[in-house]
Amino acid sequence: MSKRPTKKSVPHKAASKGNKPKANAPKASPPKASIVWLASYPKSGNTWTRIFLANYLMNLDQPVSINQVHRFGMGDSITKTYNMVAAPNTPDLSDVETTLRLRDKVLRGIIGNNADVNLVKTHNIRSAAYGTQLIPAEYTRSAVYIVRNPMDMVLSYARHYGITPADAVDAIGRSDNANASDGAAVWQFLGSWSEHVCSWTSNSPYPSLVLRYEDMLEKPEEAFGALVRHLGVPVEEERLKKAIRFASFDEVSSQEKASGFKENPGKSETFFTSGKAGAWKEALSDDLIEKMRTDHRATMKRFGYL
């Protein structure tokens, strides 16, 4: 992880003079802007958000299996979908250029069902990578962005990717931070934590809801209620409370202990740890705390983390 892709010049395809469209050719229908992005930097609460949504939308009498959560917010970087749109060819998804060339087809495939809303999980920065827009506005209905105190996030990030806290602090401070293709997921372009947060929370061209992880912990009914309203779904008080309870740390960690969690990359024993806020005060060394504050001071102040 955290590998920087080698930048290559992307050749421009020459226009073919003998391939002009006929004057009476029907115009293609414009894509339906149906994607609601569920966006976050890794280890900021995206999975928790999707588990809540699965329980609220299904409204069952028992918790939805955490291994069915992928049905409620599919990822935009799943290797299987890139292979599907490239068929019958077998693409080299370790190659950045190939991945980015296929991305538009993957997103068009997601919106091809003509649904009003398609929930899509992403860890990509809202920017361009080597000339390719990662989050096209023309496919987007709205966005939900989950932001978490980076002091806590970086500890979960280190455990998740099997690296030291020092390496994690360094990684999230770099503009070239990216997750390399690993067989399950294709390249994901993160940038630094501050760049990622600012890209999603400033100058949005479509409706956006920003949720603080800490508010989801301390004021769950208010925070998750705002999420439900943002999606245009009626808020029902008892249903909301039940979905919050079914998405609690005790519930999801119990499920993971009993049957595992498919989204755990295997670098740490469990995907769900404590989920609490403030662990950094005991776990981060003074020099790492100072580096975090230096690297991310403005954005941390903006969201009340300093």
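The values are calculated or read from the model by the stated rules, or taken from the named source; none is laboratory data. Model, not experiment: these values are computed from the prediction. Cβ coordinates were reconstructed from backbone atoms using ideal geometry, including for glycine residues, and neighbour counts include every protein chain displayed. Accessible surface is based on the protein model in full, side chains and every heavy atom, while ligands, DNA and RNA are left aside. Shrake-Rupley method; radii C 1.70, N 1.55, O 1.52, S 1.80 Å.
Mind checking which helices (runs of 4 or more DSSP H) fall wholly inside the range 140-214 and carry at least 2 residues that are at pLDDT below 95 and surrounded by fewer than 21 Cβ atoms within 10 Å (Cβ to Cβ)? Please lay out each step first, then the result.
Details: elements: 150-161, 165-171, 193-201.
The helices (runs of 4 or more DSSP H) meeting that bar are 150-161.
Scan the range 141-171 for residues that are in contact (Cβ under 8 Å) with a residue 24 or more places away in the chain and of a type in the set (S, T, N, Q) and jot them down.
Ser142, Asn149, Ser156
Suppose we filter the range 111-120 for residues that are out of contact with any Phe, Trp or Tyr (no Cβ under 8 Å at 6 or more places or on another chain) and either more than 14 Å from Leu38 (Cβ to Cβ) or buried (at least 16 other Cβ atoms within 10 Å of the Cβ) (or both); how many remain?
Our first condition is that a residue be out of contact with any Phe, Trp or Tyr (no Cβ under 8 Å at 6 or more places or on another chain); within the range 111-120, this holds for 112-118.
Okay, now just the ones that are also either more than 14 Å from Leu38 (Cβ to Cβ) or buried (at least 16 other Cβ atoms within 10 Å of the Cβ) (or both), so 112-116, 118.
Going through the range 111-120 one residue at a time, the tally reaches 6.
Step by step: first the residues of the range 270-282, then only those that are open to solvent by 60 Å² or more (accessible area, probe 1.4 Å) and at pLDDT 80 or above, then the one that is farthest from His196 (Cα to Cα). Which residue is that?
Only one residue tops the list, namely Glu282.
What is the residue count in the range 110-135 for residues that are in a strand (DSSP E or B) and under 13 Å from Gly191 (Cα atoms)?
Number satisfying all stated conditions: 2.
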